[in-house]
Amino acid sequence: MKDAIEAVKALAIGFATTFKHLFRKPITEEYPEYKRPLPARSRARIILTRDPDGAERCVACYLCSAVCPVSCISMQSAEKEGGRRYAQWFRINFARCIYCGFCEEACPTSAIQLTPQFENCKNDILSFVYEKKDLLVDHQGKDKEYNFYKYAGVATDVGQKGEHIKEERPVNIKSNLP
Amino acid sequence: MTIYAIIFYILAATIVLTTGLAITRRNLVHAVVYLVFSFFGTAMMFYLFGAPLLAVLEVIIYAGAIMILFLFIIMMVKAVPDEEKLFPMRQWVPVALMGLVYLVIGAVIISAAPGSQVTLTIALARPEAFSEYLFQRHWLAIEIISLLLLVALVGALYLGRKKDTS
Amino acid sequence: MPDWIFGFIILIVKLGVVLLALLLLAAYLVWVERKFLARLQIRYGPNRAGKFGLLQPIADTIKMLIKEDIVPAAADRFIFLLAPAVVATTALMMFAVVPFGSHLTLWGRQVPLVITDLNVGLLYIFALSSLGVYGVAMGGWASNSKYSLLGGIRGAAQMISYELALGLSLVPIIMLADSFSIVDIVNAQANYPFIIVQPFAFVIFMISAMAESKRIPFDMPEAENELGAGYHTEYSGIRFGLFFLGEYVHLQVLGALVAVLFLGGWRGPILPPPVWLLIKMILVALIMIWVRGTLPRLRYDQLMALGWKVLIPLSLINIMVTGAILLI
């Protein structure tokens, strides 16, 4: 008998709880009308950013292409007159991309970055192939400061050997003195 | 021939046909389905004769409960239909003989019975009439049957009881 | 106009109206269920197709109608095609004995507001309900899939078990009304609805009715998370739609039965009788949805224990007590 009373009590509590929920405001976020602001580091559409001076960051090192688990990134490297490397063409097939973010991790120049823009559904599968002009943006993305050629010890039009930030003068390899 | 007689013959033909199909199917589930149709036809026949209570009970108990139990067992054991001929000759002969005997006796009874010349008309028995008949005239038989069912129930309980571990 | 032609026309009209109302109500009951369940779970429910999602049932119907009707290669074709029809037909036919008013007077003739007043009306509903088990069992078997078969077996076992409790819980009602006819049962409740004198029978009937229509918390035959969708896993398109329709028509019929047997049927002040029946049906449906939104699914042994060890003895005691009081 005690068990029966306990059971009825437990049932009553359950029913009261669901009944109270009837008068609560639904917690649903209605998607197309309200888009929840996603964290800056959420992984969706990929972009190619520029450095603070407005030049392309990508040096076409192929690291992103190599690390990509679904091989959706391809490019062709070339060199500008000043000695800077760049991608002649750069292509991401978003129909294959799994948004894992490995490319972003691998990138030495913070060029390739994932953004929170996730609304990129299309009907035509061929339109998912993004060329460089579709990928290249006019801002620095998440990394506002970094400018690869100002740090890297590569001689380009940005700086000769020993002129880069935090770089010491090159040493004479015969005497080992600067 | 009244419209009721026509309905009667249609029902009778359906019952004979579905029962025939039921006993000749190799697939047991198909046989059960045809048998259900047959029971359903029988229920309709009861209804036609003015016994709606019997008709409904036929559907509830035979078509509804007993055949579902048949189906249940058939579904649980995977019966492999054997490839030999359905009825061998040595089974056909007695079946045909018995059928013939039934046919002759039935024909004699139908032609000799006093009610056989009456055309079928609509009738309707109240459920109360049926129960009064059953419980006032045959109460002893009913009590004996219910006792039998009780014994079967207790027996099933005894068999299904968990074995004493001691 | 001869009487029988008039009767025939009236019958056809009544059948058409009731069928249309049942189908429309079944579609919108799905909407009501989704909306109400959503609110119980602090969601909105369908709200995209039309205002408040009111066109959702129509959209769903169109989708089901134009989807491909797939019969699995290993299925038993004949029974596979037959099973959904059995479920839908038996559910629809049950409504034939439910009265939705007393009578109308048309051109000097009385038209009773019930399709047919069988003197074994209640048993007729049980008979159809027990035939409905075939749809579930055969659909599960014919699909030739392990999930469907398990769902079919569970469904058959559950439905024949709870049919007993369902039937026994109504015996006191029959004793009080002195008739199997549902019209007589409604007339017997002219002074007070039977729920006042038979609260136990009401509770037992509600529980068994939920088990009989395979609704959560008794949805073992469909148990999505272990059997896919149980006996209708392999069905698609309109045949799945028929199973779905049968389920919701069954819900309506059981709602109507609760209304007719315990809540006084079409009786009520001011509003016309069919509206009262509708209100009571929807009320019962809402209670069932509330139960669905609250309780988790029972385990199979709990389900059988509840049916055989609790509900059947309780209803037997209820019959004995009612009988004793009636005799005194």
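The values are calculated or read from the model by the stated rules, or taken from the named source; none is laboratory data. As the structure is a computational prediction, the values presented were derived from the model and not from experiment. Reconstructed Cβ throughout: ideal geometry from the backbone, glycine too, with neighbour counts over all protein chains shown. Just so you know, the surface numbers come from the protein's heavy atoms only, side chains and all, with ligands and any DNA or RNA stripped out. Shrake-Rupley method; radii C 1.70, N 1.55, O 1.52, S 1.80 Å.
Side notes on the structure shown:
- Loop-located chymotrypsin sites (Phe, Trp or Tyr not before Pro) in region A:5-56 (DSSP state not H, G, I, E or B) with no more than 11 neighbouring Cβ atoms inside 10 Å: A:F23, A:Y34.
- Shape class for region C:213-328: oblate, because the ratio a/c of the largest to smallest gyration tensor axis (alpha-carbon atoms, square roots of eigenvalues) is 1.5 or more and b/c is at least a/b.
- Principal semi-axes in Å for chain C [√(5λ), Cα gyration tensor, largest first]: 31, 26, 20
- Using the Cβ-Cβ distance between C:K51 and B:A65 with R0 set to 35 Å, the FRET efficiency works out to roughly 0.15.
- Relative contact order [Cα under 8 Å, 6+ residues apart], chain C, whole percent: 23
- Treating each Cα of region C:172-252 as one equal point scatterer and applying the Debye formula with no solvent, the log10 of I(q)/I(0) at q = 0.12, 0.17, 0.23 Å⁻¹ comes out as -0.53, -0.79, -1.07.
- Averaged over C:78-88, number of beta-carbon atoms from partner chains that fall within 10 Å: 1
- Rounded to 0.05, the FRET efficiency of the B:I142 and A:F118 pair, given R0 = 51 Å and the Cβ-Cβ distance, is 0.10.
- Extension gain for C:N191 to C:L106 (0.36 nm times residue separation, less C-alpha to C-alpha distance): 27.8 nm.
- Only the Cβ atoms of Lys and Arg (+1) and of Asp and Glu (-1) were treated as charged; on that basis the dipole of the protein assembly as shown about its Cα centre amounts to roughly 1240 debye.
- Averaged over the residues of C:156-164, the number of partner chain Cβ atoms lying within 10 Å of the residue Cβ comes to 2.
- Toward the positive end of the charge dipole of chain A, with +1 on the Cβ of Lys and Arg and -1 on the Cβ of Asp and Glu, the farthest Cα among A:I173, A:G82, A:P108 is that of A:P108.
- Violating pairs (Cα-Cα greater than 29 angstrom) within the set C:K214/C:K280; A:K25/A:K142; A:K2/C:K309; A:K25/C:K63; A:K122/C:K63; A:K80/A:K142: A:K25/A:K142; A:K25/C:K63
- Cα gyration tensor shape of region A:46-146, rounded if a/c is under 1.5, else prolate or oblate by comparing a/b with b/c: prolate
- A:Y34 paired with C:L65, simple spin-label distance in nm, labels 7 Å along Cα-to-beta-carbon: 3.6
- Dipole size of region A:46-146 about its Cα centre, with +1 on Lys/Arg Cβ and -1 on Asp/Glu Cβ: approximately 180 debye, rounded to the nearest 20.
- Calculated mean residue ellipticity, 222 nm, chain A: -5500 deg cm²/dmol, from DSSP H runs (n ≥ 4) at -39500 (n - 2.57) each, averaged per residue and rounded to 500.
- Note on the protein assembly as shown: the C-alpha convex hull projects to 53.3 nm² when averaged across all orientations.
- Take the Cα of A:K161, step 7 Å toward its Cβ, do the same at A:L177, and the gap between the two points is 1.8 nm.
- Furthest towards positive pole of dipole, A:I73, B:I23, C:L25, structure part the protein assembly as shown, Cβ charges: A:I73
- For A:Y86, solvent-accessible area (1.4 Å; no DNA, RNA or ligand), Å²: 60
- Förster radius 60 Å - calculated FRET efficiency between A:K133 and C:V321, Cβ distance, rounded to 0.05: 0.10
- Within region A:59-86, backbone nitrogen closer than 16 Å to the virtual label 7 Å beyond the Cα of A:R96 toward Cβ: A:62-76
- Aspartates and glutamates with Cα under 15 Å of A:K35, excluding same-chain neighbours fewer than 8 positions away: A:E119
- Candidates A:D51, A:D138, A:D124: whichever shows maximal mean-square fluctuation once chain A is modelled as a Gaussian network with Cα springs under 10 Å: A:D124
- The sum of -39500 (n - 2.57) across all DSSP H runs of n ≥ 4, divided by the residue count of chain C, sets its helix-only mean residue ellipticity at 222 nm to -22500 deg cm²/dmol.
- Label-reachable residues, region B:1-31, where backbone N falls under 19 Å from a point 7 Å from C:W4's Cα toward its Cβ: B:1-11
- The trypsin sites (Lys or Arg not before Pro) of region A:148-178 that meet both conditions, a loop assignment by DSSP and at most 13 other Cβ atoms within 10 Å of the site Cβ, are A:K161, A:K166, A:K174.
- Prolate/oblate/rounded label for region C:91-217 (Cα gyration tensor, a/c 1.5): oblate
- Relative contact order of region A:46-146, defined on C-alpha pairs under 8 angstrom at six or more residues apart (%): 38
- Modelled this way, with points 7 Å down the Cα-to-C-beta line, the labels at C:A305 and A:E105 are 5.0 nm from one another.
- Averaged over residues, the count of other Cβ atoms within 10 Å places the peptides C:38-49, A:68-79 in the sequence C:38-49, A:68-79, highest first.
- Shielding of peptide B:33-44 by partners, expressed as the average count of other chain Cβ atoms within 10 Å per residue Cβ, is 1.
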